[in-house]
Every structure is written in C-alpha cells, then in structure tokens.
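The block underneath contains the structure these notes are about, expressed in structure tokens.
The values are calculated or read from the model by the stated rules, or taken from the named source; none is laboratory data. Since we're looking at a predicted model, the values are computed, not measured. Positions of Cβ are backbone-derived with ideal geometry, glycine not excepted, and every protein chain shown enters the neighbour counts. What goes into the accessible areas is simple: the full protein's heavy atoms, side chains included, and nothing from ligands, DNA or RNA. Shrake-Rupley method; radii C 1.70, N 1.55, O 1.52, S 1.80 Å.
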Amino acid sequence: MAAIETVSALSDKGMKHSDDHSSRRLRLQTLIRLRWLAICGQGLTVALVSLGLGFDIPLVMAAILIASLAGLNMYLTFWFPAAHRLTPRATLIVLSFDLIQLSALLFITGGLANPFAPLICVPVVISFASQPIRYSMALIVIALMATTLLAFSPFSLPWMPGEEIALHPVMQLAVWSAIATMMGFAAFYTHRVSREAIELADALTATELVLQRQKHLSQLDGLAAAAAHELGTPLATISVVAKEMERGLAKDDPLREDVMLLRSQSERCRDILRRLTTLSTEGDTHMRNLPLSSMIEEVIAPHRDAGVDIVLVEKSERAKEPTGIRNDAVTYGLGNLVENAVDYAQNEVTITVEHDAARISITIEDDGEGYPPDILARIGEPYVTSRNRDDMAGGLGLGLFIAKTLLERSGASLRFENKAEDDPGARIIVSWPRYLMETKAAI
C-alpha cells in the first residue's frame, strides 16, 4: 500500500504541477528533426509549384519565410546539446514560431484557398500530445486567430496564368469551420491518449514497486537468519566473559551488579536472535509449500477485524487442494480485491473457493451497492473513480489496476460483475488453470 500511496501522490503532484513533470519536457532534437522535415516539404512544394507547374508565386517572400525557419533550426542545433529538453514555456515559443511561419506562408499563397491550410493543425496536435493543457490552450488560440486571418488574405491562390481561383465567403467559412473542428477534435483526442499513456506508465511503475516491495519483505527472514548467525559468536563471547567476571567479583563489589546486568542483556540478545532464526526457518518452509487454503487464509487474515464479516465457503475437498510455491504477486493481488470488497460491503463479504482437476476459482462477493454501469465497463483501468461511496477515498483506481495486473501476470482471468437485482453487491471471479497454481508461475 505504501508503494501505491507514494506513486498516487507523485501522480497527483504531477497533474497539479505538470510543468515539472519530466514527460512534459519535449526533447529539442525531436522538434528539430520535425522542422527539417517541414522545411524540406515547404521548399519542395514551392519549387514544384513555381518551377515545375509554372504558377505565379511570391517566390522571394516564400524563400525568406522558409529560410527563417531553417536559420532558427540551425541556431537551436548548434546552441543546445542534442539531449536538451525544452520546458513547456520554451516549447510553446518554438511551436508558436512554427505556427506563425506556416501561417505567413499560407497567407501569401492563397490563405484558406490553399489546399495545405489544414497543416496549421500540426503544431497544435504536437502540443496537446506532449505539453500541459494551459500551454496547449494558448497555442490553439493562436492557431484559431491565424486561421481567421487566412480568410482575409489578399493574395490569390497560385494558379495557371490568366486564371484566378477565389473562394466564396460561404466556402471560406466552411473551410475555416472544417479546420477549426479538425483542430479541436485532434487536440482533444491526442490530449486524452497522451494523458492515459502517462497514467498507465505511472500505474505500471507502481505495480513494479509493489512487486519489488513484496520481494524485499520476503527476503527479510533470510537477512534475519544471517544477522543471527553473525552476531551469535560475539554475543556468546560476551556472555562467557561476563560470567567469568561475575565469579571473580565479591558479592559486595559495586561492579557485580553491572556485570550481572551485562550478562542478562547479552542472554536476552541471544534469545531474540534465536527466535529470529526459528522464524526464518519456519517462514522459508511456509513460502516454499503453500496450500491453497493457507494462501486464502493469509489473504483474509489482515481484514478480519475491519468490522465486516468475512465468510469463507470451500466447495471442494481440502484434501485435493493444490499446493504450490508461494507467489507474492498472487497474495497481494487477491488481498487488494478482498480489501476493496471489505471497504464497500455493508455487513458481509463472501469468499468462495472451488477447484477441480483443471481449474481453480476464487469468487469474492460483497453486499454493498455494486458497481455503477459506467465504472463496470472500465474496471481495471488506472485511476478509475470509485464506486458510489462518497466518504471513501480512492478505491477501484490504481489499487485495483495493480491487483488486476499482478493476477493476470500469474495467468489468472478476472471477471467483474454485479449480483442479481434482488441481491445487491459486487462480484469478482478469479480463476487459473490448476497447473499454474501447482508450479512456480513466472511473474
């Protein structure tokens, strides 16, 4: 849980202070390469229209605009290292320059009549895919203003000599509306996709932290045994020396009481280390051979005092239950599902265990309000809002995503559903092929 809370806090902080989020710092080299592509495209297009097709075009002005973009690109290439990452403010400035340069080039080549006018959306899409929303909103305002100015361009579209193409005002309004609509839709879509990608990456990081933490906890017993072994010899020496000193001192010697205290404390330390060694040995055996019933009890035990009755129903004979190597990911994932059920239950949580020669199934049911339809369709995604319980913080978000990810990695399949209308509550069914629970599954 500590890992979940830590990553959730970092994620929340990243959303509130997105300027400092490393994923919001666009690599300068990426923009430089995109710019060179744009420069080559603009240069080839101008050359083809002017020289290849022989259309009349303000060639000098177009060349100046393209050269200005190339000059700035060269300046950025030589002034900053290749790995330099731009702050959101610097990215806004760079993309704004690109937008203004492209708008100026379109302005002198027909404005909205130019078939390349929709390219004005490209800088906006790049911004919404990688930058904080407030900087992206500023850029889309600039883009809409530039698109509006294109409608008033006095330059005609380069065309065959003696012919002129002029858009009717209604057609210009239609083109402006199409560009604005495409810009808005593309911006919204890319922003949602990039935000979900960042949230998914954070959630997967939390999953790895949870697994790492569980493995570290499993290794503590071995460390305790090593510490007990290493400290056992010096403590035994201290105890022997203290006994010899106690025998050599008279009963009324003022140091005798201190020596007796020293010996008793050294013996106490030896007892503590002996218990640690015993715990490690027992724990190692438990970890290596864990029957299904023991795993279920380990999952349930931390939640028995949560104020909700937990009823365990075993529909199969315990004598035929599978026994496999302890899997931290499985116990943590099931524990998280049980914790969610306990949080939202009114009075009771029922856990049903079934197994046969082919499959193992664990069903977790609560008598709460169940899943709302909109949540039920998205369960397992990171940062999904909680069920209808306003007084509960979190739930059904990052924690459930981690549980689902861990269990699916172990080979399980999960199904989330609501119980019958006359029996409200949620139901989670987790099942594995039996052979995966009898051997060490790869995580």
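Does at least one position in the stretch 76-84 carry a residue that is surrounded by 12 or more Cβ atoms within 10 Å (Cβ to Cβ) and in contact with a Pro (Cβ under 7 Å, 6 or more places away or on another chain)? Scanning the stretch 76-84 turns up no residue that is surrounded by 12 or more Cβ atoms within 10 Å (Cβ to Cβ) and in contact with a Pro (Cβ under 7 Å, 6 or more places away or on another chain).
For the stretch 299-314, the condition of being closer than 20 Å to residue 415 by Cα and either in a loop (DSSP other than H, G, I, E, B) or touching a Gly at 6+ places or on another chain (Cβ under 7 Å) (or both) holds for at least one residue. The single residue among 172, 214 that is modelled with pLDDT under 80 and polar (S, T, N, Q) turns out to be 214.
Counting the residues of the stretch 146-190 that are among the hydroxyl-bearing types (Ser, Thr, Tyr), within 20 Å of residue 126 (Cβ to Cβ) and free of Cβ contacts under 8 Å to residues at least 12 places away in the same chain gives 2.
Kindly indicate the residue of the stretch 117-153 that is open to solvent by 30 Å² or more (accessible area, probe 1.4 Å), among the β-branched types (Val, Ile, Thr) and under 29 Å from the mean Cα position of the chain (by Cα) and also nearest to residue 86 (Cα to Cα) among those meeting that condition. Before you say what the answer is, go through the steps one by one.
Pass one, the stretch 117-153, residues open to solvent by 30 Å² or more (accessible area, probe 1.4 Å): 118-119, 122, 125-126, 129, 133-134, 137-138, 141-142, 144-145, 148-149, 152.
Add one more test, that the residue is among the β-branched types (Val, Ile, Thr), and what stays is 122, 125-126, 133, 141-142, 148.
With the extra rule that they be under 29 Å from the mean Cα position of the chain (by Cα), the set shrinks to 122, 125-126, 133.
Values: 122: 18, 125: 17, 126: 14, 133: 16 Å.
Going through the qualifying residues, I end up with 126.
Quick one: would you say residue 87 is surrounded by 20 or more Cβ atoms within 10 Å (Cβ to Cβ) and of a type in the set (S, T, N, Q)? So residue 87 fails the test. Does the stretch 21-32 contain any residue that is under 32 Å from the mean Cα position of the chain (by Cα), under 17 Å from residue 143 (Cβ atoms) and either part of a helix (DSSP H, G or I) or not aliphatic (A, V, I, L, M) (or both)? The answer is yes; a qualifying residue exists.
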